[in-house]
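Nothing in this text is a laboratory measurement; each read-out follows from the coordinates by a stated rule. Nothing here was measured: the structure is a model prediction, and the numbers come from that model. Note that we place each Cβ from the backbone using ideal geometry, even for glycine, and neighbour counts take in every protein chain shown.
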Amino acid sequence: MTELLTCAQMRDIERRAIESGSVTGLDLMERAGQGIVDAIFAQWPELLRQRGPVPAPPRYFRQDEGGYFSRRRAVVLCGPGNNGGDGYVVARLLHRMGWQLTVFGMGEVEDMPPDARVNRTRWSALGPVVPLTCDAFLAVSSGRGLADVYVDALFGTGMTRPVQGEALKVLDVLAGSGGDDFASRTVAVDAPSGLCLDSGHVPGRPEGYGRGLRSVALTVTFDSPKVGHVIGIGPDICGRLAVCDIGLRPWREFEGDQIDPDAPGGTMRHMNVRLSGAPMVREGRRDPEDIARHLLKRASGGHKFDHGHCLVVSGGVARTGAARLAARAALRIGAGLVTLAVPPDAVAEVAAQTTAVMVREVTGPADLAKVLEDRRIRSICLGPGLGVGARTREMVAVALEAGRHVVLDADALTSFADDPGALFALIEKGRVVLTPHGGEFARLFPEIDARLNAPRLLADDEAWHTALAAQGGPLYSKVDAAREAAASSGAVVLLKGRDTVIALPEGPAAVHAAIGARAAPWLATAGAGDVLAGFIAGLMARECPPGDAAECAAWLHVEAALAFGPGLIAEDLPEMVPQVLRGLENGDQPHLVGQ
Ligand SMILES: NC(=O)C1=CN([C@@H]2O[C@H](COP(=O)(O)OP(=O)(O)OC[C@H]3O[C@@H](n4cnc5c(N)ncnc54)[C@H](OP(=O)(O)O)[C@@H]3O)[C@@H](O)[C@H]2O)[C@@H](O)CC1
Ligand SMILES: Nc1ncnc2c1ncn2[C@@H]1O[C@H](COP(=O)(O)OP(=O)(O)O)[C@@H](O)[C@H]1O
Ligand SMILES: [K+]
């Protein structure tokens, strides 16, 4: 399990480390710079070899730095803050290896934070700092061809507003807008500059610089990935993500799910977010694959009811497919018994297409209440194909009042678009999972959705500033939105997408990112969401708590999609579950985000 940090958390950790007196900001910056250089040579080992005859060293090359002279060239773009400071360290370290450097700088040295200023001054003893302009940047490449490496150290966790002016022009060119492929030679320090590491958005540029033409080859971040690396467009523009340990572990105090009410930016930003399905770096919380492993161990000799009875409520005639998918998924995930509650007109249709799943005629809300008198029914899934309207609202009310574990998806959510409060009033904490996609989320949580979407759509700087100031912190993220929705509804909220966020009403959140080795774009297929709802309901029938069920289901969903591969349709997902579970039993390595 990997813990994701917000920018504020990262700053807190750094502050605590420095205040302890065991390490200085300069030490950390030096380690960061060294980590970037190491990551560059790990990415491009061929750069360690000499190339061609060695020319005479330029005026500023100092033999007493102890290196040799190389034909390798790097262009380093340094911003006005500590991200720029890291850049100056990289320049110095590459120079020590004999590289030829062109270093661009922003701002005046006296305005820089102290550690960055020291490193800029150290660099200035070795070579010039060229004021950053797009023309100057292009001139370097047009005269001598592309450099071996470009280092983007303009802005990192301290980015506070949309990038403008010459820096913006350079970032667009770097992303390929001029036709040159700088990006495949670019290493980004902490983030491709301009990416908000809390939200995964590039303010003012929804598609990223150069209209998202190219991603940088490598992003090197420190201590832990940040939320913005794995959500929004972060994964599209970061390239390979390398995490560099700079010795801050002893000062991380984010064990468990602490709430720090005094923290700037409010409590929400200061609680743990974990990246589900990533390499385990810290103990303490159950990973989805562990939950799945646990589920494999059915008590021997148990009766089918010991493994839980799940009820999936179906829509009417010609609209039963979605519920059938969910029911099949619940059965495959190991619910001992799954029953489809079907309106009279659709019974024949459903019965003709199901075997292991049982069919029960349910005429309406009153009848559903009667069915739920059977206490063996542990979980209920409502929404897929159910239809939008009063009948669905009543069915949902009956299910929620029956005191079972309930997953609400699709039409069950949309039916409350006019009065979400009526739904939330019925939700008993610890029993309910809501699984909206973006559209359903907007219908249920319009104010939260407006906050989530407003800033990233604003290309207008002043408006963005106002929005930012109103929020009192960095860009509002999908994680913030899911958390706020969970807190206000009292349910576990699983907000779908490639970057699925699962938030518990008590605050903990996890991101399940289908990126890197877990990328499964073919999962965005009709009916996949119905299967996910069925997985969650099935797991809750097996007495898996709602948060664990949501997280485990999201993990299995992607794992099943990966096991099948392209060409997948929703029906295939439940059928891949046995293979995924067998893999777990055999100790096969699940797909890890970081690979
Ligand atoms: N934390 C740690 O443990 C460690 C952190 N480390 C490194 O420090 C980095 C964070 O440094 P940081 O806090 O100084 O922020 P940074 O990203 O350099 O930006 C701030 C500067 O940019 C400016 N500025 C902002 N937006 C702008 C815009 N759109 N357009 C123009 N200017 C803009 C802003 O100006 P201001 O808002 O103050 O006017 C300020 O001058 C982090 O990413 C990592 O690389 C490592 O050394 C290892 C240890
Ligand atoms: N790019 C993607 N990569 C992986 N999973 C995705 C991607 N886009 C969407 N998904 C997943 O596909 C499912 C789609 O569900 P949903 O939007 O409810 O569609 P439907 O109602 O057709 O089933 C969700 O679980 C979502 O997280
Ligand atoms: K950067």
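Looking only at region 319-585, where both bridge partners belong to it, what percent of the DSSP beta bridges are antiparallel (to the nearest 5)?
Details: 8 of 21 bridges.
Expressed as a percentage, antiparallel bridges in region 319-585 total about 40.
Amide H to amide H, with H built 1.01 Å from N, Thr219 comes under 5 Å of Ala188, Arg240, Leu241, Ala242, counting only residues 5 or more places away or on other chains. In terms of its alpha-carbon gyration tensor, region 333-383 comes out oblate; a/c meets the 1.5 threshold, while b/c is at least as large as a/b.
Looking at the square roots a ≥ b ≥ c of the eigenvalues of the Cα gyration tensor of region 74-210, which shape do they give, rounded for a/c under 1.5, prolate if a/b is larger than b/c, or oblate? Don't jump to the answer; show the numbers that get you there.
On the way: a/c = 1.74, a/b = 1.15, b/c = 1.52.
Oblate.
Please go through the residue pairs Lys370/Lys496; Lys169/Lys478; Lys429/Lys496; Lys429/Lys478 and name each one whose alpha carbons sit more than 26 Å apart in this structure. Violating the 26 Å Cα-Cα cut-off are Lys370/Lys496; Lys169/Lys478. Residue by residue, region 407-412 carries 3J(HN,Hα) couplings of 10, 10, 9, 6, 5, 5 Hz when phi is fed to the Karplus relation 6.51 cos²θ - 1.76 cosθ + 1.60 (θ = phi - 60°); x denotes Gly or Pro. State the Cα centre-to-centre distance between region 387-439 and region 345-383 in whole Å. Region 387-439 and region 345-383 have Cα centres spaced 17 Å from each other. Once backbone amide H atoms are built at 1.01 Å from N, His512 has Ser276, Thr500, Val501, Ile502 as its partners under 5 Å, excluding neighbours fewer than 5 places away on the same chain. Modelled this way, with points 7 Å down the Cα-to-C-beta line, the labels at Glu46 and Leu138 are 2.8 nm from one another. What the phi angles of region 380-395 give under the Karplus curve with 6.51, -1.76 and 1.60, with θ = phi - 60°, is a coupling list of 9, 10, 10, x, x, x, 7, x, 9, x, 5, 4, 5, 4, 5, 4 Hz, glycine and proline written as x.
Going from the residue with the fewest nearby Cβ atoms within 10 Å to the one with the most, Lys478, Lys226, Lys429 rank Lys429, Lys478, Lys226.
Residue-wise HN-Hα couplings along region 177-185, as the Karplus relation 6.51 cos²θ - 1.76 cosθ + 1.60 with θ = phi - 60° gives them from phi, are 5, x, x, 7, 8, 6, 4, 6, 10 Hz; Gly and Pro carry x. Between the amide H of Lys226 and those of Leu5, distances stay under 5 Å, these residues lying 5 or more places away or on another chain, with hydrogens modeled in the peptide plane. Legend: ranking of residues Phe424, Phe222 from fewest to most surrounding C-beta atoms inside 10 Å; resulting order Phe424, Phe222.
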